[in-house]
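Here the structure is laid out as structure tokens; the discussion comes afterwards.
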């Protein structure tokens, strides 16, 4: 039996998962791949560190040494970041070596150039592990649903955010407290900005939307709101109204183009996505033929991510790099490829939370402002606060309207004398309608 | 751009779906496949029938004419059944033509010979549409999860059964009434035996288990119980106890081998599978690395099934037939391939429903019989019936025990003088434990 030899760039959590999986399931994987798969070299920061399970792996602190190693057939990029990782992947491609990566930022930001370079050099860049960890979602979208016209993708694709909102919702704790707990448990990074700010999910959505709609990788076009502004109060009010607040990434085709957005979202409590809790990921795809289809599973973790990395490696073993599998699912430019829409043109219902003076006529003034912008009200609830507070909280659910209309109406409401503070606004989606 | 030309054997529901999808999405599919895909010929029963959308398709009542047509590159078998379909697929393979089929019975019963013949003739047989309709489940299991050691597959893979049990549970109606309604709505065949008897699900489970566990296609080893024996009473009692009854197909690795079984099953109401209703299919895979992963979507229907057929066709266009993709995911025999277990060795908890005389000591006699077989009781509920009935119904939930132990205990209970009728038994599964 042949052997396919891997060189890992990085031997941290995911790299360790790859070694563990090959150690435990190597024989079965070989029988499936038709080839023994072995890690022969790895680039690490500290070559002196003890690494159980890596005895037969040649360690080097120089990335180039691993890439250029004539023994290395496939380069597995697990460094993260976009600068050094990009250089490394380009070097591997120029050496004609196929690359497997788990790096969503790299693909979202530089995928276009990397895929073109790989094509030029007759090799490939695979990235199943970059989106939704252990869920074979890239394959489902690019291959399984290839005969469909996709209408929308909506998913929870950041486990950190889902964990935080789930905990806040279930315990009533505040964002900061739950974030600290998540960091202690290893569910959030020391610097959580990329996760809680929605950047990580936006990288992933960029990739999914490109495959689904045949549009270029358009990270810059994704509207990204973090979950930091969601309060325990919002989660409780949402629940009262029959909703949950979930961290969603949404790519939706509408008449004018494709909406691309990542933000906390109210979804009806019966919706599948409302019931995906903790660090689990889940994505629902609506299309014209096979619809809806849904995919859920672990979006992160050493072995779940390694499972996706090795799925790409086995694909290479089975098919080689000469198969005509276009990296983003498009062999040729799509004739009627839709354009990514600016957020102002996105259409959503909205949850509005306002602090208002407890005076007669205030609800009427607010509903008047909404009516002036043609916004219908689905529900309006006034929450009395205990004395001596002289303001009350008003919660409004609107019907769907374009983003710019909602923003203009909120600005008008904020200008009302009875309204203190700014209007707190969260988008609401009903996918089944 | 090249063209890949299809010959359809059968132009009924799914064949019509293939034509519709190619008509509607053909341009996008071509840009993804790198090849225009076109149906050039079809074998039909009645060549004179008007067929909208099939104007450019050469119709023939002779299957051989389509297979042998030098213009046909790929044969798409949509005839159903196993005899004529087998002959047709063999003929196509001998002509060196790749075959795409939606025929689960054909693969479950004759897959082994067909895959071997295809290999011999340097071609392939693809069958994504054979299991779970529009859900790209074969691909997920064979490719996406290929680095995993699978522990279990549990799923709702027969939409007819799920529709019937969902309706019975929600309306309280009896099996016969709901079946008649399902037939009227087109959710059940005129002869529903294959669906309600579990045979259809057993065909699909046979295929999934072979991929997941590296075992031969073992349809004969699948224990198959239909849903006909589930009463509205059972559904109501299950609900009272915090369960739902779902039509599950289960393949589970245990110490001694792999359990293969299709039967109505009590699952806790919080389980994902308990909440998949109507004709939807859903499958949850538990494994050692990426786990759990779940897949849901439409398990049948013209366009959902056509979506899967065309996914296979696009795979052929992208990769050709020379790629080393083993049909059931195994390139070589698995060294430690587990053996399919007889049902007697399967381990489940059980729901027992008994009709007993309303006399002192009867519960004690029953619990004594269970204790004698080492069966622990999870719950026991006595349901008084209104006078003049002098018997009561007893519901028991047991802890998990091997099937043969449960069967022996039930036989002993049935021999008790106070017990009229046979013990009505339904298996109970807790997948998260």
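General observations
- For the stretch B:290-340: rounded, prolate or oblate by the Cα gyration tensor [a/c cutoff 1.5]: oblate
- Relative contact order (%) - the stretch B:142-298, alpha-carbon pairs under 8 angstrom, separation at least six: 35 percent
- Using every pair of distinct Cα positions in the stretch B:3-126, the Kirkwood expression returns a hydrodynamic radius of 14.6 angstrom.
- Calculated label separations, residue B:56, copies of the chain, 7 Å along the beta-carbon direction, nm: 5.5
- Based on Cα atoms of the protein assembly as shown, Rg over Rh with Rh as the Kirkwood radius reads 0.99.
- Centre separation in Å (Cα based) which lies between the stretch A:294-369 and the stretch B:309-348: 31 Å
- Multiplying the residue separation of residue A:408 and residue A:95 by 0.36 nm and removing their Cα-Cα distance gives an extension gain of 107.3 nm.
- The stretch B:1-48 and the stretch A:114-169 have Cα centres lying 28 Å from one another.
- For the stretch A:150-203, Kirkwood radius (reciprocal of mean inverse C-alpha pair distance, Å): 11.7 Å
- Using a Förster distance of 25 Å, the FRET efficiency for residue A:416-residue A:270 (Cβ separation, nearest 0.05): 0.10
- Residues B:390, B:367 arranged by fewest to most Cβ contacts within 10 Å: B:390, B:367
- Least to most buried among A:149, B:239 (fewest other Cβ within 10 Å first): B:239, A:149
- Highest-fluctuation residue, A:118, A:249, A:409 considered, GNM on chain A with Cα pairs under 10 Å: A:409
- With its label point defined 7 Å out from Cα along the Cα-to-Cβ axis, residue A:336 lies at 5.4 nm from the matching points of the other copies, in increasing order.
- Mean residue ellipticity, 222 nm, helices only, the protein assembly as shown: the sum of -39500 (n - 2.57) across DSSP H runs of n ≥ 4, divided by residue count and rounded to 500, is -11000 deg cm²/dmol.
- Hydrodynamic radius by Kirkwood, which averages 1/r over all alpha carbon pairs of the stretch A:361-410, in angstrom: 11.9 Å
- By the count of neighbouring beta-carbon atoms within 10 Å, fewest first, B:191, A:71 end up ordered B:191, A:71.
- Modelled spin-label separation between residue A:191 and residue A:231, with each label point placed 7 Å from Cα along the Cα-to-Cβ direction: 3.0 nm.
- Mean separation of Cα contacts under 8 Å (6+ apart) over length of the stretch B:63-166, as relative contact order %: 21 percent
- Other-copy label distances relative to residue B:3, 7 angstrom Cα-Cβ extension, nm: 4.9
- Scattering curve values for chain B, log₁₀ I(q)/I(0), Debye with Cα scatterers, q = 0.06, 0.09, 0.11, 0.12 Å⁻¹: -0.29, -0.61, -0.85, -0.98
- In percent, rounded to a whole number, the relative contact order of chain A is 16, using alpha-carbon pairs under 8 Å and six or more apart.
- Gained length - residue B:255 relative to residue B:113, 0.36 nm times residue gap less alpha-carbon distance: 48.2 nm
- Residue of A:248, A:416, A:352 that the Gaussian network model of chain A assigns the largest fluctuation, springs spanning Cα pairs under 10 Å: A:416
- For a label point 7 Å along the Cα-to-beta-carbon line of residue B:381, residues of the stretch B:218-257 with backbone N under 12 Å: B:233-244
Bear in mind that the values in this text are calculations on the coordinates, not laboratory data. Source: prediction; values computed, not measured. For neighbour counting, all protein chains shown are included, and Cβ atoms are generated from backbone atoms with ideal geometry for every residue, glycine included.
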